[in-house]
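What follows is one structure encoded as structure tokens, with my remarks underneath.
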């Protein structure tokens, strides 16, 4: 713990994850859903935690999402989360619901807590029933010391991801050190239309459920809803936040003097996870950041950023290191935001490429060299107002097609 951190400061820890806050533990194991990789993970809080979630907007919500939302609605609390990868338990009808409830019930029994205090999540192939024998066998073993390891949890939630994704921050509320940790999975079926992956955030802050939900929704709109990989919104995706209050601060509300600092810390966690997901897009080689400035409103800036980052033509041009600014301008034009073409300015990195409705003189070689970097920035100035937004995505490569052409085989 960084007890010496200053007031009004958020410190990012080099090593931080869902077990950073007081009272949380996590783990994972291989139960047999996948051939070899870890596929069953858990998070547990010593005490029931205030819970809030945001969920996929896909009409086909998977069974675990339905069950978890029902559980949270009882008292706005969770004490544990059980997650499997390799099978989405989506489009599986009433049997899928019953299987999700069985996972919930049996893990709750192992923990000695009420069933509704367990959230369940799944990710993987759609339309196949869960191998319940394997999962139930895993539930009976997963709490053993050999499986209690937050790194194993991060590995157990992955599907086509190439790396684990985690972060942790600390700040002070009422003079008490408050920690916020997070872990996520996401690589494909990623689009800015919440949710876009599985995200798990834990904190030992003392905060009420409605205020926690307000903070999560605000932060989600600026982070997870501002990334895209391929334009697909999954059936299973959600972000859950658990706050167990063990930091022993006064209850955080919007009127609390440290409210904005807590929201800042939560945003830092979610933004870091969102960028890691975007960078790890299936087959991706580059993280693309689009900053839209001087729009007439935040929604307008967001819409322009999303249009650019979602454009397959922009994504493929960046993969091929082609400074084709026309694709960027075209995406702005079809974003649905009323703009004045002659007022717009566009830069790729530090290179101005479009201004006053006309192309700027550029060195193609210099811009191409910049586009070979792993982190690419695009700047758009709409010159309409004072609002801004940032969106993140990745390039589109041959490997994306290879990965998804053989996902089930």
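Assorted remarks:
- Number of the exception - residue 195 against (1) part of a loop (DSSP other than H, G, I, E, B); (2) buried (at least 24 other Cβ atoms within 10 Å of the Cβ); (3) at pLDDT 95 or above: (3)
- Some residue of segment 169-181 being within 14 Å of the chain's Cα centre (by Cα), under 22 Å from residue 394 (Cα atoms) and at pLDDT 95 or above: no
- Test: residue in segment 69-76 that is part of a strand (DSSP E or B), closer than 25 Å to residue 221 by Cα and either more than 18 Å from the chain's Cα centre (by Cα) or touching a residue at least 40 places away in the same chain (Cβ under 8 Å) (or both): no
- Only one entry in 66, 14 is without any contact (Cβ under 8 Å) to a residue 60 or more places away in the chain, part of a loop (DSSP other than H, G, I, E, B) and either surrounded by fewer than 23 Cβ atoms within 10 Å (Cβ to Cβ) or in the same structural domain as residue 154 (by TED's automatic domain parsing) (or both), namely 14.
- Flag for residue 302 being out of contact with any helix residue (DSSP H, G or I) (no Cβ under 9 Å at 6 or more places or on another chain) and under 29 Å from residue 9 (Cα atoms): no
- In summary, helices (runs of 4 or more DSSP H) completely within segment 85-158 and bearing 2 or more residues that are closer than 13 Å to residue 44 by Cα occur at 93-111, 150-156.
- On the stretch given as segment 37-52, residues that are crowded, with 21+ Cβ neighbours inside 10 Å and assigned to a strand (DSSP E or B) total 10.
The values are calculated or read from the model by the stated rules, or taken from the named source; none is laboratory data. Since the model is a prediction, treat every value here as computed from it, not as a measurement. Virtual Cβ from ideal backbone geometry, glycine too; neighbours counted across all protein chains shown.
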